[in-house]
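The values are calculated or read from the model by the stated rules, or taken from the named source; none is laboratory data. Computed from a predicted model, the values in this text were never measured in an experiment. Positions of Cβ are generated from backbone atoms using ideal geometry, with glycine treated the same way; all protein chains shown enter the neighbour counts. These area figures cover heavy atoms from the full protein model, side chains too; ligands, DNA and RNA do not enter into them. Shrake-Rupley method; radii C 1.70, N 1.55, O 1.52, S 1.80 Å.
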Amino acid sequence: EDLLDAFYRSWQATEQSVRRKRIFVSISDNKKPRLLEQLKKLDELSWEIYTTEGTHDFLVKNGISANCVFKASEGLEPNAKTLIINHEIDLIINIPQGNPSNTSITDGFTLRRLAIDHHIPLITNLQIAQIMLQSLARLHGKTLPVKPWARFVKH
């Protein structure tokens, strides 16, 4: 009946969850504006948003509170890698630029690999990130009633 409700329920059916209101966001420059509205809503709902420098600067410039952490490769604390290893965040949104021109291991690759290794939900697609952030803003922490299958089957 409702896109956000259906998306959130299907996502939870995969045994994924966001226990606390703590997310890590790292977005390529050309995609940052496309998540601005959703991140602003989460900020208004007192979510803790963690970012690295580039995303942090963009969010703060647009009036969104964010906690800035160092990139995995920088080796300084607080560090994105440490946040993931210590399960201090519950969702990672890492939207890469696209196909990298070189074959070196990037900070983004390291974050995505750590997310998988530490069983932290990871979103790498812009459109899915938009829907997920909208779903979290509206449905996180709410009890979603179970509806009988018969309600959806036409007789």
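Computed values, structure above
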| read-out | value |
| --- | --- |
| Val18 closer than 21 Å to Ile120 by Cβ, open to solvent by less than 20 Å² (accessible area, probe 1.4 Å) and part of a loop (DSSP other than H, G, I, E, B) | yes |
| Answer residue from the stretch 89-115, given it is among the small types (Gly, Ala, Ser) and under 26 Å from Arg34 (Cβ atoms) and is modelled with the highest pLDDT among those | Ala115 |
| Unmet criterion (only one of (1) assigned to a loop (DSSP other than H, G, I, E, B); (2) open to solvent by less than 50 Å² (accessible area, probe 1.4 Å)) for Phe7 | (1) |
| Total residues in the stretch 117-154, condition polar (S, T, N, Q) and open to solvent by less than 40 Å² (accessible area, probe 1.4 Å) | 2 |
| Residue list for the stretch 44-93, restricted to those being open to solvent by 20 Å² or more (accessible area, probe 1.4 Å), in a strand (DSSP E or B) and closer than 19 Å to Ser17 by Cβ | Glu48, Tyr50 |
| Yes/no for Pro96 being in contact with a Gly (Cβ under 6 Å, 6 or more places away or on another chain) and open to solvent by 40 Å² or more (accessible area, probe 1.4 Å) | yes |
| Conditions (1) in a loop (DSSP other than H, G, I, E, B); (2) polar (S, T, N, Q); (3) over 21 Å from Ile131 (Cα atoms); number of the one not met by Thr110 | (1) |
| Residue match in the stretch 100-108 (condition: more than 15 Å from Gln12 (Cβ to Cβ) and within 12 Å of the chain's Cα centre (by Cα)) | no |
| Residue list for the stretch 73-87, restricted to those being charged (D, E, K, R) and out of contact with any helix residue (DSSP H, G or I) (no Cβ under 8 Å at 6 or more places or on another chain) | Glu74, Glu77 |
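Okay, residues lined up against (1) more than 20 Å from Arg34 (Cβ to Cβ); (2) free of Cβ contacts under 8 Å to residues at least 24 places away in the same chain:
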residue	(1), (2)
Ile49	no, no
Thr55	no, no
Glu74	yes, yes
Ala80	yes, no
Leu83	yes, no
His87	yes, no
